[in-house]
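Chemist: Pasting a structure below so you can have a look.
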Amino acid sequence: MDTPSSSPEREATGQRDVGAVVHAIGILRHLSATTAPLGVAAIARGTGISVSTCFNILRTLTRARFVSFREADKTYALGLAVAELAAGFLGVSHTELIRPELQRLAQKYDMLIVLWRVTEDGHIVLIDRAHSHTAVRVEMRMGLRLPMLVGAVGRCVAAALDLPEAELRHRFEALRWQTPPSFESYLADMRAARENGWSMDANHLYRGLITVAALVTDQKGQPRFGLSGITISAQHPEEVFPRLGEELHEVAIQTGRALFPRPAANPHRE
């Protein structure tokens, strides 16, 4: 049975995904991740969609030129219309592509959402931000430069780099915090970030501020961008922060897949 996934939040608010659209997106994503054209059975198996439903959607996508059909071996690949859509993104910076998500999260969680670029010289630089419309808010200047292992983003970077503990301790001792955590606490937070995909800093980097962050990584798992939600302490209930962390992690994964596509194994044609 083809049952599109729907979150409890969507169901509670009456927002339901359209099954055919969800399946079509899944098929296109699957084809974009393969290195060779695929038959219907292989696509159905890879997406979890029934063969009959998959075949009908593929026919529609083929007529719209989002998928091309190869008669010789009965296989499908991405079509010209996908390239036509992608052409609209040519020349658009990573920052411009990510900004709509920053703005959406800022309004949803009523806080400052910022984008950090992880530099090759071991820093993070604030390159974009989005504010909510509340009267009380945090302000952080564009271009702010910090050591890449500090704060909530830093814990995520440390988790991605997977440094030997002795080297991590050496780097940690050089970090500057307004209220420094112990190395043991930092190490535990880093391990939790590796497991959960997000981390939180409460009053350590800056007194009076809570930061929740996740990391965008490239094809090799190297840190490229950080996403942070930043708010004044006591402005939000505690249960908000895990929800924000999970959503930042989800956005970071989607952003990484879009900006740094992972190579896929070459499956057998059918």
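The values are calculated or read from the model by the stated rules, or taken from the named source; none is laboratory data. Please read all numbers here as calculations on a predicted model, not as lab measurements. All Cβ positions, even for glycine, are placed from backbone atoms using ideal geometry, and neighbour counts span all protein chains on display.
Chemist: Kindly indicate the residue of the range 209-222 that is surrounded by fewer than 24 Cβ atoms within 10 Å (Cβ to Cβ) and of a type outside the set (A, V, I, L, M, F, W, C) and also farthest from A106 (Cα to Cα) among those meeting that condition. Can you show your working first?
Modeler: First, the residues of the range 209-222 that are surrounded by fewer than 24 Cβ atoms within 10 Å (Cβ to Cβ): 209, 217-222.
Checking which are of a type outside the set (A, V, I, L, M, F, W, C) leaves us with 217-222.
On the way: T217: 22, D218: 24, Q219: 28, K220: 29, G221: 27, Q222: 26 Å.
In this case the residue turns out to be K220.
Chemist: Go through the range 178-200 and give me each residue that's within 17 Å of E246 (Cβ to Cβ) and among the charged types (D, E, K, R). I'd like the intermediate steps shown before the answer.
Modeler: Step one: list which residues in the range 178-200 are within 17 Å of E246 (Cβ to Cβ), which gives 189, 192-200.
Selection gives D189, R194, E195.
Chemist: Does R155 qualify as being in contact with a strand residue (DSSP E or B) (Cβ under 7 Å, 6 or more places away or on another chain), at pLDDT 95 or above and among the basic types (K, R)?
Modeler: yes
Chemist: Of the residues that make up the range 126-137, is at least one surrounded by fewer than 14 Cβ atoms within 10 Å (Cβ to Cβ), charged (D, E, K, R) and at pLDDT below 95?
Modeler: no
Chemist: A follow-up question, please. Within the range 190-206, take every residue that is without any contact (Cβ under 8 Å) to a residue 40 or more places away in the chain and assigned to a loop (DSSP other than H, G, I, E, B) and give me the one that is nearest to E238 (Cα to Cα).
Modeler: Filtering the range 190-206 for residues that are without any contact (Cβ under 8 Å) to a residue 40 or more places away in the chain and assigned to a loop (DSSP other than H, G, I, E, B), the one nearest to E238 (Cα to Cα) comes out as N203.
Chemist: Which one of the conditions (1) surrounded by fewer than 24 Cβ atoms within 10 Å (Cβ to Cβ); (2) of a type in the set (D, E); (3) at pLDDT 95 or above; (4) under 25 Å from the mean Cα position of the chain (by Cα) does D201 fail to meet, given that it meets all the rest?
Modeler: (1)
Chemist: Output the residue which, of all residues in the range 67-83 that are without any contact (Cβ under 8 Å) to a residue 40 or more places away in the chain, within 19 Å of V21 (Cα to Cα) and not aliphatic (A, V, I, L, M), is surrounded by the most Cβ atoms within 10 Å (Cβ to Cβ).
Modeler: Among residues in the range 67-83 that are without any contact (Cβ under 8 Å) to a residue 40 or more places away in the chain, within 19 Å of V21 (Cα to Cα) and not aliphatic (A, V, I, L, M), the one surrounded by the most Cβ atoms within 10 Å (Cβ to Cβ) is G79.
Chemist: For the range 122-149, what are the residues that are of a type in the set (D, E) and assigned to a loop (DSSP other than H, G, I, E, B)?
Modeler: Result: E139, single match.
Chemist: Could I ask something else about it? Consider A152 carefully, then state whether it is surrounded by 13 or more Cβ atoms within 10 Å (Cβ to Cβ), part of a helix (DSSP H, G or I), assigned by TED's automatic domain parsing to the domain that holds R191 and without any contact (Cβ under 8 Å) to a residue 60 or more places away in the chain.
Modeler: It is false that A152 is surrounded by 13 or more Cβ atoms within 10 Å (Cβ to Cβ), part of a helix (DSSP H, G or I), assigned by TED's automatic domain parsing to the domain that holds R191 and without any contact (Cβ under 8 Å) to a residue 60 or more places away in the chain.
Chemist: Is it the case that V251 is touching an Asp or Glu at 6+ places or on another chain (Cβ under 6 Å) and either surrounded by fewer than 22 Cβ atoms within 10 Å (Cβ to Cβ) or touching a residue at least 24 places away in the same chain (Cβ under 8 Å) (or both)?
Modeler: When the stated conditions are applied, V251 passes them.
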